[in-house]
Amino acid sequence: MATIHFYEKPGCGNNTKQKVWLAASGHTVLAKNLLIEKWNAERLRAFFGELPVAQWFNPAAPRVKSGEVNPAAMDAQTALDMMLAEPLLIRRPLMEVDGEFRAGFDADAVRAWIGLNDAKPAGDIEACPKEHLSQPCPTHDAPSPQSSAGTTSHSTKPASGQVAGYPASGRGGERGNHSLTSENTHA
């Protein structure tokens, strides 16, 4: 099975469901905080492939939902510049497996790409179920100013079928049959 670098917003319920489904399908999920990752335009662009620019955006981002940002009116460079300045605008998750990149979680596309079992979580697992317009959901694992200063690296690689990263509850430990461990990398 695959080892997936899974860039998420910590605390996002749907990202948690996606990670658990991937792990239950036998994949190793290395969760990383999309909001603090050190992006550049070339690296971020790779995740979007042939998707239209409007589909690069997180439709649940407050500035998108309010109409302040209109993804359909964006060219690629403007979109990337905005996303680098405000990562909350990036559609998630971003996933990388062996040099192949994807944005968003279309279950049929993920199944064709790396495989998924038939135990799909209930509900829409890509669209945000929250009805917020002006404020994003809180992140439970945002770094403190002390933890983001300097360069720190800690990694615990999970066994196949496990998830490493930022648990949505902010508590670590066991969640179902899937071990959630911490992997924090600050460049």
Of the residues in the stretch 12-42, those that are hydroxyl-bearing (Ser, Thr, Tyr) and in a helix (DSSP H, G or I) number 1
Counting only residues in the stretch 8-17 that are buried (at least 22 other Cβ atoms within 10 Å of the Cβ) and either more than 20 Å from residue 116 (Cα to Cα) or in contact with a Pro (Cβ under 6 Å, 6 or more places away or on another chain) (or both), the one modelled with the lowest pLDDT is identified as 12
Over the stretch 69-125, the set of residues over 19 Å from the mean Cα position of the chain (by Cα), charged (D, E, K, R) and modelled with pLDDT under 95 is 118
Residue 46 meets each of (1) surrounded by fewer than 17 Cβ atoms within 10 Å (Cβ to Cβ); (2) without any contact (Cβ under 8 Å) to a residue 40 or more places away in the chain with one exception, condition (2)
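The values are calculated or read from the model by the stated rules, or taken from the named source; none is laboratory data. A quick note: this is a predicted structure, and the numbers were derived from the prediction, not measured. Cβ: placed from backbone, ideal geometry, glycine included. Neighbour counts: every protein chain shown.
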